[in-house]
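The values are calculated or read from the model by the stated rules, or taken from the named source; none is laboratory data. No experiment lies behind these values; they were computed from the predicted model shown. Cβ coordinates were reconstructed from backbone atoms using ideal geometry, including for glycine residues, and neighbour counts include every protein chain displayed. When the accessible area is computed, the model is the full protein with side chains, heavy atoms only, and any ligands, DNA or RNA have been set aside. Shrake-Rupley method; radii C 1.70, N 1.55, O 1.52, S 1.80 Å.
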Amino acid sequence: MTQDRAAQLAAIAQQLRTCQLCNLYKGTTNPVPGAGSPQAELMFIGEGPGFHEDKQGLPFVGPSGKYLEKLLALIGMTRDQVFIANVVKHRPPENRDPLPEEILACKPYLDQQVEIIDPLVIVTLGRFSMARYFPNGKITQIHGQARLDEHRAYYPLFHPAAVLRDPNKEAAMEADFKRLPEVLKQVKELRNKNQPAAPEVKPDEPPAKPKQLSLF
Ligand code: URA
């Protein structure tokens with residue numbers, strides 16, 4: 001199963017090397033499929049690769065990534081215990097916002113990654129990934145408020161770059177982050193509760209006798 005997930009994620013990364021579903025691939029160095037644990041309980045979704053990510057083919061390796069690592073350390077985690085992806089997998093020119101058609105073209109890749117990893121919590125970083133799960137949400141109003149469905153939580157957070165630009169958001173970002181372990185716990189309880197019950201043993205049926213092995 002573990003092998004399966006890693007292999008499936010690697011297949012997506014391979015497809016992205018030749019992806020031309022939108023024009024973003026033009027002028028880029030590397031696609032940035034996403035990275036981390038295929039068994040991650042927490043999946044972070046950002047916006048799109050920037051300069052450093054494009055050079056290395058890895059998500060969140062520039063200043064925003066350093067800050068994200070610091071936030072993860074607040075809850076005793078490292079980046080290889082989670083999975084980090086983006087809504088678009090190639091760097092938009094000059095780090096401009098991804099266009100709706102680019103997000104749509106790239107959607108099947110992200111949809112598949114979510115399905116393969118099956119995270120307990122999806123943490124959206126910034127407004128573009130937030131819009132996937134909270135189409136009418138306003139980040140200033142809903143950050144740090146988890147929405148649970150029957151087996152997962154969606155947790156909108158500010159984009160780390162927005163916090164770096166505006167230090168007034170730092171205290172809220174850190175407080176939101178520190179609530180993540182509690183959100184994870186809630187989803188684990190929910191999944192346990194929703195697990196199909198073990199088959200019932202009927203009281204009037206005696207347990208089957210083990211068969212005697214005959215030597216003849
Ligand atoms: N910002 C993002 O949204 N994603 C990255 O991978 C890096 C910076």
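Filter the trypsin sites (Lys or Arg not before Pro) in segment 65-148 to those in DSSP coil with at most 15 other Cβ atoms within 10 Å of their Cβ, and list the result. When the trypsin sites (Lys or Arg not before Pro) of segment 65-148 are filtered for loop state and at most 15 Cβ neighbours within 10 Å, R96, K138 remain.
Remark: the A175-N23 segment gains 50.9 nm on full extension, using 0.36 nm per residue and subtracting the alpha carbon distance.
Between R165 and Q15, the modelled labels are 3.2 nm apart [label points 7 Å from Cα along Cα→Cβ]. Multiplying the residue separation of K55 and K138 by 0.36 nm and subtracting their alpha-carbon distance yields 26.7 nm.
Placing pseudo-labels 7 Å out from each Cα toward the beta carbon at K188 and E94 gives an inter-label distance of 4.8 nm. Within segment 2-194, what percent of beta bridges assigned by DSSP are antiparallel, to the nearest 5? Here the antiparallel bridges make up roughly 25 percent for segment 2-194.
In terms of the Cα gyration tensor, with a ≥ b ≥ c the square roots of its eigenvalues, is segment 96-138 rounded because a/c is under 1.5, prolate because a/b exceeds b/c, or oblate? Oblate, because a/c is 1.5 or more while a/b does not exceed b/c.
In this structure, the residue pairs whose Cα-Cα separation is over 27 Å, taken from K89/K138; K138/K178; K66/K169; K89/K193, are K89/K193. On full extension, the segment bounded by E115 and Q81 gains 10.5 nm, given 0.36 nm per residue less the C-alpha separation. Remark: segment 2-194 is approximated by an ellipsoid whose semi-axes, taken from the C-alpha gyration tensor as √(5λ), come to 24, 20, 15 Å, largest first.
For segment 77-182, the Cα-based Rg and Dmax, in that order, read 14.0, 40 Å.
Once you charge only the Cβ atoms, +1 for Lys and Arg and -1 for Asp and Glu, what is the size of the charge dipole of the chain about its Cα centre, to the nearest 20 debye?
Computed about the Cα centre, the dipole is about 160 debye.
Share of carbon and sulfur in the accessible area of segment 2-194 stands at 51%, probe radius 1.4 Å. Per residue, the chain exposes an accessible area of 58 Å² to a 1.4 Å probe, with every protein chain left in place.
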